[in-house]
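Asker: For reference, the structure I am asking about is given below.
The values are calculated or read from the model by the stated rules, or taken from the named source; none is laboratory data. None of these values were measured; they are calculated from a predicted model. Methodologically, a virtual Cβ is constructed for each residue, glycine included, from the backbone with ideal geometry; neighbour enumeration extends over all protein chains shown.
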Amino acid sequence: MTKTTLLLSIAVLALALSSGAAEVTLNPSADAGGWGPAPDQNFGDHYLFWNGLEENYCESVFYFDLYSYMGASLNSAQLELYIDSSWGTMPDNDHCGLCMNAAGWDEMTVTHNTMPGTWTDPFLELDAPMVGSWLVLDVTDFVDYWLSGTRNNYGFMIMCWPPMVYGGYYITSRESSTNKPKLILDYSGADVETVSWGAIKALDE
């Protein structure tokens, strides 16, 4: 085997070893709730967010910073939200869903009346969750849009729509001391910094 062939083999092996799958769990960089009964009030610093119908419709938004993972090959993405409590009749998948925000928002100023617009594709209808448990959602399609650069990352929204009866559930926010929202990424990406071309070339000296 020539030195050139050996060097190329080492380079290919280094790339293969450095681009294996990895998993990371992220908490939101920002989240906020919109409360229909007080449509101009901000709830960005609350530890619980309403989702459902209470005199008016209520929603919540969550943003995860994915900048460090841009361009990575996404294997799966899972959003987990903790259901702390509920009121009235728990809404089901005919009334609540997860969508992608289409514009930016600020955690400490956004209100029910100033929530961003949303994309309707992809869209995930939500089954009625159980209090005291995690609502686990497959959001691979959502995150893939962001990591591929197809759409800007403005985060997720849980929204509800009519007609529905009085009721809903509370999700713990990033301000909560426990059970913060989390996004679990399983991804692959090339990172050859640990084995540079200079280091490989030095083997030939």
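Asker: Please work out which residue is nearest to N179 (Cα to Cα), limiting yourself to segment 8-35 and to residues that are assigned to a loop (DSSP other than H, G, I, E, B) and either modelled with pLDDT of 95 or more or of a type in the set (S, T, Y) (or both).
Answerer: Of all residues in segment 8-35, those assigned to a loop (DSSP other than H, G, I, E, B) come to 19-20, 27-29, 35.
Of the ones still in play, those that are also either modelled with pLDDT of 95 or more or of a type in the set (S, T, Y) (or both) are 19, 27-29, 35.
On the way: S19: 31, N27: 10, P28: 12, S29: 15, W35: 21 Å.
Per the stated criteria, the residue is N27.
Asker: It is to be established whether one or more residues within segment 78-91 are farther than 20 Å from L185 by Cβ, in contact (Cβ under 8 Å) with a residue 24 or more places away in the chain, surrounded by fewer than 14 Cβ atoms within 10 Å (Cβ to Cβ) and not acidic (D, E).
Answerer: Yes: one or more hits.
Asker: Any residue at all in segment 152-160 that is at negative phi, in contact with a strand residue (DSSP E or B) (Cβ under 8 Å, 6 or more places away or on another chain) and modelled with pLDDT under 95? It would help to see each step written out before you state the result.
Answerer: Taking segment 152-160 as the starting set, the residues that turn out to be at negative phi are 152-154, 156-160.
This time we only want the ones that are in contact with a strand residue (DSSP E or B) (Cβ under 8 Å, 6 or more places away or on another chain), so: 153-154, 156-160.
Adding the requirement that they be modelled with pLDDT under 95 leaves 160.
Yes, the conditions are met somewhere in segment 152-160.
Asker: Go through segment 112-189 and tell me which strands (runs of 3 or more DSSP E), entirely inside it, have 2 or more residues that are in contact (Cβ under 8 Å) with a residue 40 or more places away in the chain and either farther than 16 Å from F62 by Cα or of a type in the set (V, I, T) (or both). Steps first, please.
Answerer: Values: elements: 118-125, 133-138, 156-160, 167-172, 182-188.
Filter on segment 112-189 gives 133-138, 167-172, 182-188.
Asker: Given the criterion under 15 Å from Y82 (Cβ atoms) and surrounded by 12 or more Cβ atoms within 10 Å (Cβ to Cβ), identify the matching residue among W161, W134.
Answerer: Exactly one of W161, W134 is under 15 Å from Y82 (Cβ atoms) and surrounded by 12 or more Cβ atoms within 10 Å (Cβ to Cβ), namely W134.
Asker: May I ask you to list the residues in segment 97-117 that are among the hydroxyl-bearing types (S, T, Y) and loosely packed, with under 15 Cβ neighbours inside 10 Å? Spell out how you get there, then give the answer.
Answerer: Of segment 97-117, the ones among the hydroxyl-bearing types (S, T, Y) are 109, 111, 114.
Residues satisfying the conditions are T109, T114.
Asker: Next up: Can you pull out the residues in segment 52-75 that are in contact with a Gly (Cβ under 8 Å, 6 or more places away or on another chain), within 25 Å of L185 (Cα to Cα) and not acidic (D, E)?
Answerer: Within segment 52-75, S60, V61, F62, Y63, F64, Y69, M70, G71, A72, S73 qualify.
Asker: Condition first: assigned to a loop (DSSP other than H, G, I, E, B) and in contact with a Phe, Trp or Tyr (Cβ under 8 Å, 6 or more places away or on another chain). Now tell me which residues in segment 92-105 satisfy that.
Answerer: The answer is H95, A102, A103, G104, W105.
Asker: Go through (1) over 17 Å from L137 (Cβ atoms); (2) over 21 Å from the mean Cα position of the chain (by Cα) for D106 and report which single condition fails.
Answerer: Tallying (1) over 17 Å from L137 (Cβ atoms); (2) over 21 Å from the mean Cα position of the chain (by Cα), D106 fails exactly one: (2).
Asker: Please go through segment 55-71 and give me each residue that is assigned to a loop (DSSP other than H, G, I, E, B) and closer than 19 Å to Y154 by Cβ, ordered by number.
Answerer: F64, D65, L66, M70, G71, listed by residue number.
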